[in-house]
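Trainee: Structure below; questions to follow.
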Amino acid sequence: MYIISMSVARCEVCGSKRGHLIEKYNGLVPVYCKCDLREDGKRLANPCAIFCEGHYLGPRPIWKPISDHRDENGEWRHTPYFSGCF
């Protein structure tokens with residue numbers, strides 16, 4: 001993920017970060033908090049990201065598990081559920 005700019009803030013309900021970022025190859029990407037992920041019946045944007053506080057490299061946005069996104073070569077990639085931190 002090559003982030004150009006990021007605008008995130010803590011959710012007042014769950015405490016996770018939410019907002020959006022601009023990624024070099026995918027443009028405007030929403031960042032969802034835990035509240036957004038729990039809402040039933042809401043189709044999440046694809047690609048999308050979550051802000052992973054417990055990531056081994058430190059707090060950072062990652063592709064939401066089961067998210068499709070473009071890589072640096074312009075090819076679509078699939079990120080499976082087991083690569084996330086939730």
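Trainee: How do the pairs read when you match residues in the range 9-22 that are more than 20 Å from Ala45 (Cβ to Cβ) with residues anywhere that are assigned to a loop (DSSP other than H, G, I, E, B) and among the hydroxyl-bearing types (Ser, Thr, Tyr), using Cβ under 9 Å and keeping only pairs 6 or more apart or on different chains?
Mentor: That search, which allows pairs on different chains as well, returns Arg10/Ser16.
Trainee: Got a sec? Which strands (runs of 3 or more DSSP E) wholly within the range 1-77 have at least 3 residues that are surrounded by 13 or more Cβ atoms within 10 Å (Cβ to Cβ) and touching a Leu at 6+ places or on another chain (Cβ under 9 Å)?
Mentor: It comes to 3-10, 17-23, 27-32.
Trainee: Being modelled with pLDDT of 90 or more and either aromatic (Phe, Trp, Tyr) or under 25 Å from Glu75 (Cα atoms) (or both) narrows it down to one of Pro30, Pro47, so name that one.
Mentor: None of the other options fit; the residue is Pro30.
The values are calculated or read from the model by the stated rules, or taken from the named source; none is laboratory data. Since the model is a prediction, treat every value here as computed from it, not as a measurement. In this analysis, Cβ positions are derived from the backbone assuming ideal geometry, glycine residues included, and neighbour counts consider all displayed protein chains.
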